[in-house]
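> I'd like to ask some things about the structure below.
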Amino acid sequence: MCKTKKLIAFILSVLMIFTMVPWASADEDSYTLEELIQRTENNSSELNRLKKKTQRGEVTRDRAAAVRSNTPLGGSVGLEAIQARQAILNLMQEDLQLTMAQREVDVKEEQLSNEVLFLYFDIQQARRDLEEAKQKKELTEKETMLATIRQRFGKISRFELKREMDRLEEVDIEISKAEQKLEQAFEELNLKANLPLENRYAIIREEDEKPELPEVSRQVTRVLNNSPNIWLLEQQVELATIGLRLYVYNENLDPYSAQRIDIATAELALSNARSGKEELVRSLYNSLEQMETEKRDLELALTQLEDQREVLVVRLDQGMTIPIELEKLDFQKQSLENALKSIEEAEEKLQVQIMAPWAIAR
């Protein structure tokens with residue numbers, strides 16, 4: 001029995017010298033997150049289209065302003081009244097379209113920035129998953145070797161040994177899935193940033209101080225006041241209302257009552273959009289609170305695991321356990337830390353959505 005324990009301890013001590021391959025070598029290419037965002041914006045045909053649309057809007061708005069300046073105002077009937085009404089409404093419409101086009105550019109830039117940020121999180125998550133799977137394989141290999149020795153000395157059955165060997169195959173599948181996930185995230189980011197699909201690199205992110213989220217009711221008000229979609233619907237209500245004020249009877253326009261219905265329809269669309277945005281923000285806050293609870297649970301589990309580790313180190317020093325038990329505990333700790341990091345990144349995603357829900361494309 002003593003010889004068996006010594007043999008096992010010797011094998012495990014040899015296995016302890018294995019080291020993990022680091023993610024980034026000294027000569028690996030790197031990009032800052034801001035560089036990737038800038039490349040993505042430069043490569044976006046949709047953003048370029050929206051900028052061209054804004055330029056065109058400036059031209060047509062200037063023409064509408066010139067027509068309005070050259071159109072005499074006065075009178076409530078006749079051709080002059082029709083022309084004055086149309087010139088005023090055309091200029092207002094051009095102002096609206098130009099401002100909206102400018103806002104669309106801003107929103108698209110926010111969307112692209114968030115897409116790159118979220119892909120960065122995807123890459124970090126995939127890297128953690130892959131690293132964890134490799135650590136799990138290393139640990140499983142040691143446990144399989146230990147099981148082989150135990151089976152040789154009749155301590156476990158062949159069936160139990162086969163079960164350990166099957167675990168190695170399962171870990172290999174986990175590694176393959178994590179590698180595919182990492183490849184997919186990099187290829188998607190490279191496609192957006194106009195980089196070769198096969199490029200792999202380190203991503204450097206400067207940690208900015210995260211703004212503290214306001215109380216939910218204040219944030220609802222902020223979102224309603226800043227949402228481009230809400231603003232556009234408000235402008236459509238105002239445009240319809242002004243059109244009704246400038247109504248000219250007997251001039252082949254839609255009936256007065258029909259234009260009043262147009263105003264009511266626009267107001268209803270605005271009300272529905274505001275309600276939808278408020279529900280979205282409150283739902284995101286609820287999700288954030290749930291994540292905070294999950295994070296506290298993980299932090300508590302980590303604290304308990306640290307206590308267990310201290311006890312295990314003492315037992316190991318006294319020869320009451322074997323090194324692999326400490327390795328298993330350290331692996332659990334690393335797994336919990338990875339889960340905690342994933343929740344923190346998911347929280348940041350939610351915070352981005354809360355601050356600008358109109359700038360989330362996925």
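The values are calculated or read from the model by the stated rules, or taken from the named source; none is laboratory data. On a predicted model such as this, the values are computed, not experimentally measured, just so you know. Glycine gets a Cβ as well: all are built from the backbone with ideal geometry, and neighbour counts include every protein chain shown.
> Identify the single condition in (1) touching a helix residue (DSSP H, G or I) at 6+ places or on another chain (Cβ under 9 Å); (2) among the hydrophobic types (A, V, I, L, M, F, W, C); (3) modelled with pLDDT of 90 or more that Ala202 does not satisfy, given that it satisfies every other one.
Here Ala202 meets the rest and fails (1).
> Okay, moving on. Might you let me know whether segment 279-302 holds any residue that is small (Gly, Ala, Ser), exposed (fewer than 15 other Cβ atoms within 10 Å of the Cβ) and part of a loop (DSSP other than H, G, I, E, B)?
Looking through segment 279-302, none of the residues is small (Gly, Ala, Ser), exposed (fewer than 15 other Cβ atoms within 10 Å of the Cβ) and part of a loop (DSSP other than H, G, I, E, B).
> Between Glu141, Glu131, which is among the acidic types (Asp, Glu), modelled with pLDDT of 90 or more, surrounded by fewer than 17 Cβ atoms within 10 Å (Cβ to Cβ) and farther than 30 Å from Arg63 by Cβ?
Glu141
> Next question, about the same structure. Which numbered condition trips up Ile175, out of (1) of a type in the set (A, V, I, L, M, F, W, C); (2) touching a helix residue (DSSP H, G or I) at 6+ places or on another chain (Cβ under 8 Å); (3) within 19 Å of Asp29 (Cβ to Cβ); (4) not in a strand (DSSP E or B)?
Among (1) of a type in the set (A, V, I, L, M, F, W, C); (2) touching a helix residue (DSSP H, G or I) at 6+ places or on another chain (Cβ under 8 Å); (3) within 19 Å of Asp29 (Cβ to Cβ); (4) not in a strand (DSSP E or B), the lone unmet condition for Ile175 is (3).
> Just a yes or no: is a residue in segment 48-56 of a type in the set (Ser, Thr, Tyr), within 37 Å of the chain's Cα centre (by Cα) and either surrounded by 18 or more Cβ atoms within 10 Å (Cβ to Cβ) or modelled with pLDDT of 90 or more (or both)?
Scanning segment 48-56, I find at least one residue that is of a type in the set (Ser, Thr, Tyr), within 37 Å of the chain's Cα centre (by Cα) and either surrounded by 18 or more Cβ atoms within 10 Å (Cβ to Cβ) or modelled with pLDDT of 90 or more (or both), so the answer is yes.
> If you don't mind, there's one more thing I want to ask. Take Arg61 and tell me if it is surrounded by fewer than 19 Cβ atoms within 10 Å (Cβ to Cβ), of a type in the set (Lys, Arg), modelled with pLDDT under 95 and in contact with a helix residue (DSSP H, G or I) (Cβ under 8 Å, 6 or more places away or on another chain).
no
> State which residue pairs qualify: first residue assigned by TED's automatic domain parsing to the domain that holds Arg56 and at pLDDT 85 or above and inside segment 81-105, second residue of a type in the set (Gly, Ala, Ser) and part of a helix (DSSP H, G or I) in any location, beta carbons under 7 Å apart, and separation of 6 or more residues or different chains.
Asn90/Ala64; Leu91/Ala64; Leu91/Ala65; Glu94/Ala64; Gln97/Gly57; Leu98/Gly57; Ala101/Gly57
> For segment 53-69, enumerate the residues that are among the small types (Gly, Ala, Ser) and under 11 Å from Asp95 (Cα atoms).
Those that are among the small types (Gly, Ala, Ser) and under 11 Å from Asp95 (Cα atoms): Gly57, Ala64, Ala65.
> Please go through (1) part of a helix (DSSP H, G or I); (2) free of Cβ contacts under 8 Å to residues at least 24 places away in the same chain for Thr71 and return the number of the only condition it doesn't satisfy.
That leaves (1) as the condition not met.
> Of everything in segment 185-199 that's in contact (Cβ under 8 Å) with a residue 24 or more places away in the chain and outside any loop (DSSP other than H, G, I, E, B), which residue is surrounded by the fewest Cβ atoms within 10 Å (Cβ to Cβ)?
Among those that are in contact (Cβ under 8 Å) with a residue 24 or more places away in the chain and outside any loop (DSSP other than H, G, I, E, B), it is Glu188.
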